[in-house]
Each structure stands twice: as structure tokens, then as C-alpha cells.
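Data block below; observations after.
The values are calculated or read from the model by the stated rules, or taken from the named source; none is laboratory data. Nothing here was measured: the structure is a model prediction, and the numbers come from that model. Cβ placement follows ideal geometry from the backbone for every residue including glycine, while neighbour counts extend to all protein chains displayed. These accessible areas exclude ligands, DNA and RNA; they are computed on the full protein's heavy atoms, side chains included. Shrake-Rupley method; radii C 1.70, N 1.55, O 1.52, S 1.80 Å.
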Amino acid sequence: MATARPTLAAEPRDVTGKAVKKLRSAGRLPAVVYGHGVDSTNVTIDAHEFDQLRKHVGPNALIDLSVDGKKSDPVLIHDVQIHPVNRRPLHADLFLVRMTEELTVDVRLVATGESAAVVQLNGTLLHPTETVRIRALPDHLPQSIEYSVDSLVDFDAAVHVRDLTIPDDVTLLTDPDEIIAKVQAPRIEV
């Protein structure tokens, strides 16, 4: 895969605790970089740049992170704390990945097509499972997995995890019998 990964620049951070409020007001987002066998590093990143990056990449996208202008390392955005009112990021956890080590992540499921049970029988399409757990090398992580709901022609039909088309270089860890989509019959009002 020769596609260029998105990049993010970070600076080392000594400020911790409640004093990070000043960093946020200056447009910087406090973050921590961690991984297997490496010490955690406190950094800051440009809050606006991080927000724009999150809008354009998926949850399992690799990002090249350069700390203090040094060589870039691949990271995944592992967790982002969000302010409950203004919905702005407060803190980010960046997981430093080894390109030769498989990762276990949840991948979003995306329904495609049209269900006859919804269109003709006025049913409601239900998605009891919205993600599946997979294991793959970092550069083979899918952003999402699509599946078709065309086979849902009546209220007895269901799409299971076993019906998904999974890439060859990805290992599916979710129970194959788990239902990912089905159609519920309409409620009859009395």
C-alpha cells in the first residue's frame, strides 16, 4: 500500500493536571503517546488540525505522528475525551503501533441495499450489532465492512456475522452466529 498516510505534528509537553487548561485556551490539545515496550510521552497537538484530521479519517486509520520534528511513527487514535457540552476534544490517546504486530480493533458495519420487508411489508430495519471485532496488521485494518440487506425479504430473514465478506488478511473474532441485521414486523395499534 503506497498511499500516503495523514500526518500530525506534536510537541513535547511538561504541563499536566489542571494547568493544561491554558494549553487548550491557546489552541493546543493535550495528548499522550503510548505503545508496547515504550514509555508514555505527554505531547500537545494543534486542536484545529486534530479536529480536521478526525473528520477526514476513519477510526482505524494510521496517522504518521512526528514529535518535535523527529522521524514520524505510525499511531492510531485510540481514545478521545470529548467535552460534554461543546463537544470539543479535551484529550487524545495515541497508540504507537508496530507495523509487524497484529492489532485487535472494532470495525464499523455499513448496510447497503434495500430490504423488501421494509419497503413492501412496512417493517423496521434493526441493527443489533453495529461493529465486529477483527485482528489484522496495522496497514490492513479496514475502516468499515459493508453488507447487503437485500436478502431481508420477510420478517424471518436475518443477516449474520458469518454472511460478511472479510478480507483474506483479516481475522474475524466476533461470533459468526451473531445477528447484524433483521427486520421487525410493524406494530399493530389497537
Open item on the list: Going through VAL110, VAL97 one at a time, which residue ends up being in contact (Cβ under 8 Å) with a residue 60 or more places away in the chain and closer than 20 Å to SER144 by Cβ?
Closed with: VAL97
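Here is a check on your reading of the model: is LEU90 more than 16 Å from the chain's Cα centre (by Cα), over 17 Å from TYR34 (Cα atoms) and surrounded by 11 or more Cβ atoms within 10 Å (Cβ to Cβ)? Let's see the steps before the verdict.
Values: more than 16 Å from the chain's Cα centre (by Cα): yes; over 17 Å from TYR34 (Cα atoms): yes; surrounded by 11 or more Cβ atoms within 10 Å (Cβ to Cβ): yes.
Yes.
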- [ ] State all residues of the stretch 7-49 that are of a type outside the set (A, V, I, L, M, F, W, C) and open to solvent by less than 40 Å² (accessible area, probe 1.4 Å); if no residue qualifies, say none.
- [x] ARG13, GLY27, PRO30, GLY35, THR44
Task: Looking only at the stretch 107-145, and only at residues there that are assigned to a strand (DSSP E or B) and closer than 14 Å to ALA61 by Cβ, the one that is most open to solvent (accessible area, probe 1.4 Å) - done: ARG108
Task: Of all residues in the stretch 10-55 being among the small types (Gly, Ala, Ser) and part of a helix (DSSP H, G or I), the one that is nearest to PRO74 (Cα to Cα) - done: ALA47
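Condition first: assigned to a loop (DSSP other than H, G, I, E, B) and acidic (Asp, Glu). Now tell me which residues in the stretch 149-190 satisfy that.
Those that are assigned to a loop (DSSP other than H, G, I, E, B) and acidic (Asp, Glu): ASP150, ASP154, ASP156, ASP168, ASP169, ASP175, ASP177, GLU178, GLU189.
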